[in-house]
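Participant: Take this structure, written in structure tokens, and hold onto it; I'll ask about it next.
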Amino acid sequence: MAGLAERFLLGIATEKEIALLHEWYDTADKEEIELVFTPQPETADAVGKRLFGELQLVIQEEQQETNHRRMALTRRWIAAASVILVVFFAGKYFWNAKRSTKPERSVAQVTKPGNDLPPGSNKARLLLGDGSVIDLADAKNGTIRHEAGARIDKKDGQLIYDVSKGKEASKGADGSREDEASAMNTIQTPRGGQYEVILADGTKVWLNSASSLSYPTTFTGKNRQVLLKGEAYFEVAEDKNKPFNVSVGDVQVDVLGTHFDIMAYEDENAINTTLLAGAVRVTRIGMGSRVLAANQEASMDRYSGSLSVNEVDAEEAVAWKDGFFEFEGASIETVMRQLARWYDVDVEYEGKTDHHFRGMISRSSNVSEVFRKLELTGEVHFSMEGKKIIVKR
């Protein structure tokens, strides 16, 4: 299988060989496939380095694709082939180390936590215009409220605003008539929570952990204005007569119809707007603006206030929406901030490392499984004390 993986990554595999690789992936343990970390220099020989160099070229070519479905499928098979090679070269390393009389550094010394924590889930609170609060984790599927020209429905981790009967007077939970004027609602996800909202105009918003989105029940003005804290991915319904605006502190993002992600956590050094399709204008209020094309990211430094634009792999920024952590040269601090929000834990560090992590891990994994996979790099080890994670470097 390692030879087949090598042929696939080098682009010389036949259709029959690719089919065999696909078949192996479909029947293999997906938990083992979801993480692809480049082996350390001491764990692979020159052939391994060459093959992973080829892998990076494949990924770079993939970034230029505009068809997202094709991109996802390509990544799937690259992950499968890469894991085969990781296992092959790690196994070769262990075999050679066992035969050698010299003391060798282990590839992975997994520290099993004393306890475990489950992954996050669909949890959020809905703050209504009248000040009342609905815990969406406890609410049953179906209509949960009529408010200000919109019917609010819940369906399996999704909140839907239906204005098909918006011209009729809305009714409260007690059957009383309410004002038809639009009201502001806010949805808040805790650490360890996520939720999807379909706004009154049909715009879809995926809210990541520890985030909040404020929006009107119906869009009645000249603009469609929403306020964001934390992180969200937007698929904006096109309406050329009514631009869509997202305000995040001193940054405003203006769009007509497009797909993009905004990451604006207060514990991050920058506010990042990443565009997948369409075009957006990112404005640093009082400091100018930049227009983004697909696979570009505008980053506003929280300290200097400067706004820069870079070419990026946009799929990495939204991997969380599809159920993955994806790291491309991320520091351990960056990795742990994401894990802390998703698993609702606090983090402490012992020691330092300049190692940068690359790979994908399922967000549906328990935290101990994530630790096990991160420790395969041999660069970090973890221990747990309740909901406190100690990172040993």
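The values are calculated or read from the model by the stated rules, or taken from the named source; none is laboratory data. Since we're looking at a predicted model, the values are computed, not measured. With ideal geometry, Cβ positions are generated from the backbone for all residues, glycine too; neighbour counts draw on all protein chains shown. Heavy atoms of the whole protein, side chains included, go into the accessibility calculation; ligands, DNA and RNA do not. Shrake-Rupley method; radii C 1.70, N 1.55, O 1.52, S 1.80 Å.
Participant: When only residues in the stretch 222-236 that are open to solvent by 40 Å² or more (accessible area, probe 1.4 Å) and either part of a strand (DSSP E or B) or not basic (Lys, Arg) (or both) count, which is farthest from Asn122 (Cα to Cα)?
Facilitator: Of everything passing the filter in the stretch 222-236, Asn223 is farthest from Asn122 (Cα to Cα).
Participant: In the stretch 357-364, is there at least one residue being open to solvent by 60 Å² or more (accessible area, probe 1.4 Å) and modelled with pLDDT under 90?
Facilitator: Taking every residue of the stretch 357-364 in turn, at least one turns out to be open to solvent by 60 Å² or more (accessible area, probe 1.4 Å) and modelled with pLDDT under 90.
Participant: Same structure, new question: List pairs: first residue in the stretch 349-376 and more than 14 Å from Gly323 (Cβ to Cβ), second residue basic (Lys, Arg) and open to solvent by 10 Å² or more (accessible area, probe 1.4 Å) anywhere in the structure, Cβ distance under 6 angstrom, at least six positions apart or on different chains.
Facilitator: Glu350/Lys392; Gly351/Arg393; Lys352/Arg393; Thr353/Arg393
Participant: I'd like the full set of residues that are among the β-branched types (Val, Ile, Thr) and under 15 Å from Leu126 (Cα atoms), limited to the stretch 192-212.
Facilitator: Listed by number, the residues that qualify are Val197, Ile198, Val205.
Participant: In the set Ala298, Ala317, which member is crowded, with 21+ Cβ neighbours inside 10 Å and within 22 Å of Tyr195 (Cβ to Cβ)?
Facilitator: Ala317
Participant: Another question, then. So, in the stretch 237-278, exactly how many residues are under 18 Å from the mean Cα position of the chain (by Cα), assigned to a loop (DSSP other than H, G, I, E, B) and not hydroxyl-bearing (Ser, Thr, Tyr)?
Facilitator: Here the count works out to 4.
Participant: Working carefully through the options Thr203, Thr189, find the one that is polar (S, T, N, Q), crowded, with 19+ Cβ neighbours inside 10 Å and within 17 Å of Asp344 (Cα to Cα). If you could, list the steps in order and put the result at the bottom.
Facilitator: Numbers: Thr203 fails: within 17 Å of Asp344 (Cα to Cα).
Checking each option against the conditions leaves just Thr189.
Participant: With a cut-off of at least 2 residues that are modelled with pLDDT of 90 or more and under 27 Å from the mean Cα position of the chain (by Cα), name the strands (runs of 3 or more DSSP E) lying wholly within the stretch 94-162.
Facilitator: Working: elements: 125-127, 133-135, 142-147, 150-154, 158-162.
In the stretch 94-162, 125-127, 133-135, 150-154, 158-162 are the strands (runs of 3 or more DSSP E) which contain 2 or more residues that are modelled with pLDDT of 90 or more and under 27 Å from the mean Cα position of the chain (by Cα).
Participant: Can you list residue pairs whose Cβ atoms sit under 8 Å apart, with the first residue in the stretch 214-231 being closer than 17 Å to Asp153 by Cα and the second being among the charged types (D, E, K, R) and open to solvent by less than 70 Å² (accessible area, probe 1.4 Å)? Count only pairs 6 or more apart in sequence or on different chains.
Facilitator: Thr217/Glu147
Participant: Can you name every one of the helices (runs of 4 or more DSSP H) wholly within the stretch 312-393 that holds 1 or more residues which are under 13 Å from the mean Cα position of the chain (by Cα)?
Facilitator: Counting at least 1 such residues, we get 314-317, 332-343.
For (1) open to solvent by less than 20 Å² (accessible area, probe 1.4 Å); (2) under 16 Å from Leu228 (Cβ atoms); (3) at pLDDT below 95, each residue gets a yes or a no:
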| position | (1), (2), (3) |
| --- | --- |
| Phe244 | yes, yes, no |
| Thr258 | yes, yes, yes |
| Met263 | no, yes, no |
| Thr273 | yes, yes, no |
| Ala340 | yes, no, no |
